[in-house]
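Undergrad: Dumping the structure here so I can ask a few things about it.
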Amino acid sequence: MTEGNPIINLGDISKPATVLIEKISDAVGGYFKPYQIKRVAEAEADAEIVRAQAQIEVTDLQRRALTRFVAEEAKKQDNIETITKKAIPHLDDSSNPKDMEDDWVTNFFDKCRIVSDEEMQTLWSHVLAGEANSPGTFSKRTVNLLGSLDKEDAKIFTSLCGFCWYFGDLTPLIYDANASIYNDTGINFPSLSHLDDIGLISFQSLSGFKRLGFPKYGQLFYYGKPVVIEFKKEEKNEIETGKALLTKTGQQLARVCGSQPVNGFMDYVFDNWTKKGLILSSPYPQNQ
């Protein structure tokens with residue numbers, strides 16, 4: 001980022017983006033100002049220099065501490081600005097950032113300011129945009145958990161989400177943790193246990209989970225592709241969903257993690273369902 005240039009000229013961006021930056025400025029204070037995002041590091045550094053000069057003599061230790069402080073704050077500011085800039089293209093025209101809670105915004109930037117990895121910044125930006133588009137979408141608990149994730153955790157979780165079907169909510173269909181369809185993407189017993197430990201999924205290696213209450217015909221989706229299942233009974237049907245369920249936090253992050261469908265997984269699931277006596281009325285949509 002070029003020093004001295006504002007990250008965003010508010011005259012060049014949409015109203016939702018302008019409102020978002022103003023909201024951040026009000027909630028966080030000092031990070032953003034109208035017409036440009038202000039660099040807190042410079043302001044803090046100036047204050048430290050004034051205080052040091054007031055002591056008449058600035059020791060070498062003070063100089064080194066001040067240099068480190070300025071460098072650290074500048075990096076944090078750059079992280080904040082980058083995440084905000086990445087979020088802006090994902091704002092909806094109907095976005096209403098002013099309804100975001102100040103405490104949520106403050107907590108968000110407190111956690112994300114140390115995130116410098118580009119891929120992780122992208123994930124954080126999607127959370128910020130999602131919350132701005134629909135305030136209340138992401139809980140502070142989810143933000144706090146995201147703050148504790150390292151890049152490898154995020155990669156494993158994104159891989160898992162490639163196996164998610166939509167059953168009214170997102171559900172990963174993990175039928176056999178030893179199957180190559182999962183293992184080839186890094187999803188196995190240890191990785192599933194780890195995601196359970198950090199609070200993104202509930203993993204039951206033995207019993208598994210079921211979804212209940214389906215009528216005679218149930219429509220499910222895999223990355224937008226509809227599948228209609230015909231059950232044997234007229235009502236109160238059930239379907240096994242496998243060994244894992246997303247937690248509430250996992251549900252929220254699954255929406256923005258950037259997962260992709262896994263090649264061959266629909267066929268794998270169809271084979272599993274067929275063996276259990278389910279009838280696929282329309283396994284593939286005609287317009288796909």
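The values are calculated or read from the model by the stated rules, or taken from the named source; none is laboratory data. The structure presented is a predicted model; accordingly, all values stated were derived computationally and were not measured. Glycine gets a Cβ as well: all are built from the backbone with ideal geometry, and neighbour counts include every protein chain shown. Note: areas computed on protein heavy atoms with side chains; ligands, DNA, RNA excluded. Shrake-Rupley method; radii C 1.70, N 1.55, O 1.52, S 1.80 Å.
Undergrad: Does Leu195 count as modelled with pLDDT of 95 or more, within 21 Å of Ile229 (Cβ to Cβ), within 20 Å of the chain's Cα centre (by Cα) and aliphatic (A, V, I, L, M)? Outline the logic, then answer.
TA: Working: modelled with pLDDT of 95 or more: yes; within 21 Å of Ile229 (Cβ to Cβ): no; within 20 Å of the chain's Cα centre (by Cα): yes; aliphatic (A, V, I, L, M): yes.
Against the criterion (modelled with pLDDT of 95 or more, within 21 Å of Ile229 (Cβ to Cβ), within 20 Å of the chain's Cα centre (by Cα) and aliphatic (A, V, I, L, M)), Leu195 does not qualify.
Undergrad: Residue under question is Thr185, and the condition is that it be over 15 Å from Thr247 (Cα atoms) and either modelled with pLDDT of 95 or more or hydrophobic (A, V, I, L, M, F, W, C) (or both); does it hold? Give the steps one after another, and end with the answer.
TA: Numbers: over 15 Å from Thr247 (Cα atoms): yes; either modelled with pLDDT of 95 or more or hydrophobic (A, V, I, L, M, F, W, C) (or both): yes.
For Thr185, the condition - over 15 Å from Thr247 (Cα atoms) and either modelled with pLDDT of 95 or more or hydrophobic (A, V, I, L, M, F, W, C) (or both) - is met.
Undergrad: In this structure, is Ser202 touching a Cys at 6+ places or on another chain (Cβ under 6 Å), closer than 30 Å to Leu123 by Cα and among the hydroxyl-bearing types (Ser, Thr, Tyr)? Working first, answer last.
TA: On the way: touching a Cys at 6+ places or on another chain (Cβ under 6 Å): no; closer than 30 Å to Leu123 by Cα: yes; among the hydroxyl-bearing types (Ser, Thr, Tyr): yes.
So Ser202 does not fit the description; no.
Undergrad: List the number of the failed condition for Gln219; all other conditions in (1) open to solvent by 60 Å² or more (accessible area, probe 1.4 Å); (2) closer than 26 Å to Lys140 by Cβ hold.
TA: Every listed condition holds for Gln219 apart from (2).
Undergrad: Another question, then. Suppose we keep only residues that are among the charged types (D, E, K, R) and assigned to a loop (DSSP other than H, G, I, E, B) within region 96-121. Which one would you say is most open to solvent (accessible area, probe 1.4 Å)?
TA: So in region 96-121, the residues among the charged types (D, E, K, R) come out as 98-99, 101-103, 110-111, 113, 117-119.
Add one more test, that the residue is assigned to a loop (DSSP other than H, G, I, E, B), and what stays is 101, 113, 117.
On the way: Glu101: 126, Arg113: 63, Asp117: 53 Å².
The selected residue is Glu101.
Undergrad: Still on this structure, I have one more. Enumerate the helices (runs of 4 or more DSSP H) found wholly within region 125-217, keeping only those where 2 or more residues are under 24 Å from Met266 (Cα atoms), out of contact with any strand residue (DSSP E or B) (no Cβ under 7 Å at 6 or more places or on another chain) and of a type in the set (Phe, Trp, Tyr).
TA: Values: elements: 140-148, 151-161, 180-183, 189-197.
It comes to none.
Undergrad: From Ala179, Ala132, which residue is under 30 Å from Lys233 (Cβ atoms) and either at pLDDT 95 or above or open to solvent by less than 40 Å² (accessible area, probe 1.4 Å) (or both)? Full working, then the answer.
TA: Details: Ala132 fails: under 30 Å from Lys233 (Cβ atoms).
The unique qualifying residue is Ala179.
Let's see how each residue does on (1) touching a residue at least 24 places away in the same chain (Cβ under 8 Å); (2) in contact with a helix residue (DSSP H, G or I) (Cβ under 7 Å, 6 or more places away or on another chain); (3) over 23 Å from Ala129 (Cβ atoms); (4) of a type outside the set (Lys, Arg):
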residue: Asp150; (1), (2), (3), (4): no, no, no, yes
residue: Phe157; (1), (2), (3), (4): yes, yes, no, yes
residue: Leu160; (1), (2), (3), (4): yes, yes, no, yes
residue: Tyr175; (1), (2), (3), (4): yes, yes, yes, yes
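Undergrad: On to the next question. Kindly indicate whether any position in region 120-140 is in contact (Cβ under 8 Å) with a residue 60 or more places away in the chain and more than 12 Å from the chain's Cα centre (by Cα).
TA: yes
Undergrad: Continuing with this model, one more query. When you check Thr249 against the structure, is it of a type in the set (Ser, Thr, Tyr) and farther than 28 Å from Gly147 by Cβ, yes or no? Even if it seems obvious, please write down each step before you answer.
TA: Working: of a type in the set (Ser, Thr, Tyr): yes; farther than 28 Å from Gly147 by Cβ: no.
The answer is no for Thr249.
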